[in-house]
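J.: First the structure, which I've put down as structure tokens, then a few questions once you've had a look.
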Amino acid sequence: MRAAGLVVARTLRGIMETAAPGMSTAELDELAEQTIREANAVPSFKGYHGFPASICTSVNEQIVHGIPSPDRVLREGDLLSVDCGAILDGWHGDSAVTIEIGAVTERDKALSAATRAAMLAGVRAVNPGARLTDVSHAIEQAARRAAAEDGVEYGMVLEYGGHGIGSAMHMDPFLPNVGEPGRGPLLEVGMALAIEPMLTAGSSETVELDDGWTVVTADGSRAAHWEHTVAVTDEGPWVLTEPEP
């Protein structure tokens with residue numbers, strides 16, 4: 001899984017270095033597929049329940065599952081969330097980043113930073129002997145702290161969250177991004193979870209578009225999405241999708 005995670009990390013790094021105003025999300029998808037296949041891996045997303053691309057590209061009010069398109073051209077000030085998965089030798093890696101396209105507003109920067117901080121808090125809670133909702137609680141509390149520090153109210157998307165991962169991309173258990181601690185299954189060495197909070201700059205209500213995939217904020221506010229695949233080890237959390245130094 002670490003090998004698969006490194007493929008994902010390299011792919012996302014390439015996208016982060018390449019994404020710029022004037023590029024289409026379809027061009028980024030082509031780059032992602034090329035990077036994944038050159039590593040002798042397979043894009044997890046392509047063909048998954050009929051999804052037509054190798055990455056999800058969600059722009060501005062789009063939260064998750066945005067479909068890359070030659071018609072979606074990035075503009076200065078866009079906030080782009082990219083979700084990427086790869087399969088290598090039957091094992092999955094899954095990670096997401098939010099990318100600032102050119103100069104974005106301070107509010108958008110804070111939204112992305114708050115979402116990333118929530119993800120990292122969840123990562124730190126992945127320890128043997130912890131309960132599943134200890135991770136949920138850590139994510140929620142970090143998001144609330146960031147909102148208080150930023151002086152805003154972030155919406156926490158509830159319908160979507162983290163999940164088990166390993167020989168399949170989505171495995172039990174579902175990992176909510178909010179919850180009281182001390183509930184759910186015990187985390188044991190050898191388990192792996194995808195930690196993935198999504199925050200909005202407004203309401204937490206969501207709408208799925210007619211394409212059957214793209215999920216947007218109901219009020220049109222912007223959204224951010226960060227994700228890592230994390231293994232439970234005796235030494236604590238091991239981030240399998242962390243890039244090499």
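The values are calculated or read from the model by the stated rules, or taken from the named source; none is laboratory data. The shown structure was predicted, so the numbers you read here are calculated from the model rather than taken from an experiment. Neighbour counts run over all protein chains shown; Cβ positions are idealised from the backbone, glycine included. Side chains are part of the model used for accessible areas, which takes the heavy atoms of the whole protein and leaves out ligands, DNA and RNA. Shrake-Rupley method; radii C 1.70, N 1.55, O 1.52, S 1.80 Å.
J.: How large a share of the accessible area of segment 159-226, in percent, is made up of carbon and sulfur atoms when the probe is 1.4 Å and the other protein chains stay in place?
T.: Percent of accessible area from carbon and sulfur atoms in segment 159-226: 52.
J.: Collect residues whose amide H, placed 1.01 Å from N in the peptide plane, falls under 5 Å from the amide H of GLY155; neighbours closer than 5 in sequence don't count.
T.: Hits under the 5 Å cutoff: THR200, ALA201, GLY202.
J.: I would also like to ask the following. If you wrap a convex hull around the C-alpha atoms of segment 19-97 and split its volume per residue, what is the figure in Å³?
T.: Given the Cα convex hull of segment 19-97, per-residue volume reads 84 Å³.
J.: To the nearest 10 square angstrom, how much accessible area does LYS109 have with a 1.4 angstrom probe?
T.: Only protein atoms counted, so the area is about 80 Å².
J.: Can you compute the charge dipole magnitude of the chain about its Cα centre, using +1 on each Lys and Arg Cβ and -1 on each Asp and Glu Cβ, nothing else charged? Give it in debye, rounded to the nearest 20.
T.: 400 debye
J.: Cβ under 14 Å from ALA9's Cβ, ALA9 left aside: what net charge do those residues give with Lys, Arg +1 and Asp, Glu -1?
T.: -3
J.: Listed highest first by mean packing, meaning other Cβ atoms within 10 Å per residue, what order do 48-57, 117-126, 136-145 come in?
T.: 117-126, 136-145, 48-57
J.: Counting Lys +1, Arg +1, Asp -1, Glu -1, what net charge surrounds PRO197 among other residues with beta carbon under 11 Å of its beta carbon?
T.: Summing Lys/Arg as +1 and Asp/Glu as -1 gives -2.
J.: Shifting gears a bit: What percentages, rounded to whole numbers, describe P(r) for the chain computed over all alpha carbon pairs with 5 Å bin width beginning at zero?
T.: Over the chain, the share of Cα pairs per 5 Å bin runs 1, 7, 15, 19, 20, 18, 12, 6, 2, 0 percent.
J.: Given the DSSP H assignment, sum -39500 (n - 2.57) over each helix run of at least 4 residues in the chain and divide by its residue total; what's the result at 222 nm in deg cm²/dmol, nearest 500?
T.: Theoretical 222 nm ellipticity from helices: -9500 deg cm²/dmol.
J.: How far apart, in nanometres, would the label points at LYS46 and VAL207 be if each is projected 7 angstrom from Cα along the Cα-to-Cβ direction?
T.: In this crude label model, LYS46 to VAL207 measures out at 3.2 nm.
J.: Continuing with this model, one more query. Just the accessible area per residue of the chain, please: how many Å² with a 1.4 Å probe?
T.: 43 Å²
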